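For reference, the structure discussed in these notes is given below.
The values are calculated or read from the model by the stated rules, or taken from the named source; none is laboratory data. Quantities reported herein were computed from a predicted structural model and do not represent experimental measurements. When we count neighbours, we look across all protein chains shown, and the Cβ atoms used for this are built from the backbone with ideal geometry, even at glycine. Just so you know, the surface numbers come from the protein's heavy atoms only, side chains and all, with ligands and any DNA or RNA stripped out. Shrake-Rupley method; radii C 1.70, N 1.55, O 1.52, S 1.80 Å.
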Amino acid sequence: MPHKDKKSTLIRQWEMMRLLPSTYWMRASEMVTRLKEAGHDVTLRTVQRDLHELSLIFPIRLNRKNPKEYGWKWMKDAHLEIPGMSLPEALALRMVEMHLKQMLPSGMLNSLQGVFGHAKTVIEKDAIRSERSPKEWLKKVKVVQPNQSLLPPQIDEAAQEAIYNALLKNRRISATYRPIGKEEFREYELNPLGLIMRGPVSYLVATAWDYENPLLYAMHRFGKAELLEEEARIPQGFDLEKQISSGFADFSEGGANLVLEILCQDAKASYLAETPLSSDQTLEPYSEGWKKLTATVNDTWQLRWWLLSQGSEIIVLSPQEIRSRIAEDLKLAGSYYESET
């Protein structure tokens with residue numbers, strides 16, 4: 001076999017092992033589709049032959065109960081070896097795994113289980129060589145959320161897969177979606193534009209039908225989604241990064257920038273000096289125990305939630321509209337606590 005053909009076969013088979021799931025049976029015909037999407041020109045017979053050859057070397061299972069077409073998957077606890085993974089890389093992947101587990105639905109992590117499994121094996125082998133317990137190593141790495149931890153919502157995996165395919169193929173989708181506060185699903189045709197992860201919630205950025213205005217659709221509120229043949233319509237000049245920088249992902253109150261002036265207690269000021277609200281943030285002494293902070297920020301719901309969450313540690317000076325709104329909300333909240341329940 002010519003060297004070029006050997007290289008092509010190796011790349012194709014490596015891609016097949018990467019695509020092969022560990023949680024369900026993948027038909028050879030599905031593997032053909034995935035490989036063609038990745039740019040490989042293959043036939044069903046070639047894929048079946050490759051899978052059989054790989055199963056003789058790697059822990060890959062064949063489902064012989066399917067009379068029409070066999071299915072393939074990795075054996076339980078098996079993983080694809082990644083040559084040369086170092087201990088620091090393995091520890092970093094463990095941190096990534098723990099972080100993502102707190103943010104993403106389990107279905108989104110299935111394709112990464114092989115990589116995470118190998119990272120765990122690297123750590124365990126190093127622990128054994130060092131005559132230490134593997135658990136001792138793993139106890140040294142923890143991920144703590146900076147805010148109140150929230151469990152990720154349940155997402156329909158079939159709808160999620162259709163949406164992901166639509167994003168990759170630039171296609172429109174037909175979907176049922178339940179807006180927040182509503183009990184019934186509504187029919188939509190959406191043009192997927194991007195995906196935003198915001199804490200434990202994933203949002204699809206899309207336009208509906210032939211409208212130009214992008215909106216956010218929470219992934220867990222989709223009942224079903226179907227990939228359509230029609231190409232998605234992208235608004236002229238749409239840029240996801242610019243959309244986010246305008247405050248879109250923070251539920252903007254209009255997207256306009258504003259100059260925020262607040263008084264901070266010294267302890268809070270020290271924290272904000274290390275983790276600024278903006279690149280132009282300034283801090284200056286104001287009075288005993290207080291500092292004045294000035295920063296240019298987006299006018300978003302998230303900003304107002306953050307201001308409310310600081311309680312008595314900060315005082316909003318301007319803009320006046322935000323100062324008045326925060327004062328009213330805090331006064332109302334105080335009245336609730338003073339009343340008998």
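Of all residues in segment 1-15, which are part of a helix (DSSP H, G or I), loosely packed, with under 14 Cβ neighbours inside 10 Å and modelled with pLDDT under 75? Within segment 1-15, His3, Lys4, Asp5, Lys6, Lys7 qualify. The number of residues in segment 284-307 that are open to solvent by less than 70 Å² (accessible area, probe 1.4 Å) and more than 30 Å from Leu215 (Cβ to Cβ) comes to 7. Select from segment 35-47 the residues that are under 15 Å from Leu10 (Cα atoms) and free of Cβ contacts under 8 Å to residues at least 24 places away in the same chain and write down the one among them that is least open to solvent (accessible area, probe 1.4 Å). Of everything passing the filter in segment 35-47, Leu35 is least open to solvent (accessible area, probe 1.4 Å).
Within segment 144-187, being assigned to a loop (DSSP other than H, G, I, E, B), among the basic types (Lys, Arg) and either open to solvent by less than 50 Å² (accessible area, probe 1.4 Å) or free of Cβ contacts under 8 Å to residues at least 40 places away in the same chain (or both) holds for one residue alone: Lys182. If you go through segment 292-325 and keep only what is assigned to a helix (DSSP H, G or I) and within 21 Å of Ala267 (Cα to Cα), you end up with Leu303, Arg304, Trp305, Trp306, Leu307, Leu308, Ser309, Gly311, Ser312, Glu313. If you go through segment 188-207 and pick out every residue that is at pLDDT 90 or above and open to solvent by 40 Å² or more (accessible area, probe 1.4 Å), you end up with 1. The one condition from (1) more than 27 Å from Ala158 (Cα to Cα); (2) more than 19 Å from the chain's Cα centre (by Cα); (3) not aliphatic (A, V, I, L, M) that Glu226 does not meet is (1). Among Thr294, Thr300, which is touching a strand residue (DSSP E or B) at 6+ places or on another chain (Cβ under 7 Å) and at pLDDT 90 or above? Every option except Thr294 fails the conditions.
Every residue, every condition in (1) aromatic (Phe, Trp, Tyr); (2) in contact with a helix residue (DSSP H, G or I) (Cβ under 9 Å, 6 or more places away or on another chain); (3) surrounded by fewer than 16 Cβ atoms within 10 Å (Cβ to Cβ); (4) at pLDDT 85 or above, yes or no:
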{"site": "Met17", "(1), (2), (3), (4)": "no, yes, no, no"}
{"site": "Pro21", "(1), (2), (3), (4)": "no, yes, no, no"}
{"site": "Tyr24", "(1), (2), (3), (4)": "yes, yes, yes, no"}
{"site": "Thr33", "(1), (2), (3), (4)": "no, no, yes, yes"}
{"site": "Asp50", "(1), (2), (3), (4)": "no, yes, no, yes"}
{"site": "Asn63", "(1), (2), (3), (4)": "no, no, yes, no"}
{"site": "Glu69", "(1), (2), (3), (4)": "no, yes, yes, no"}
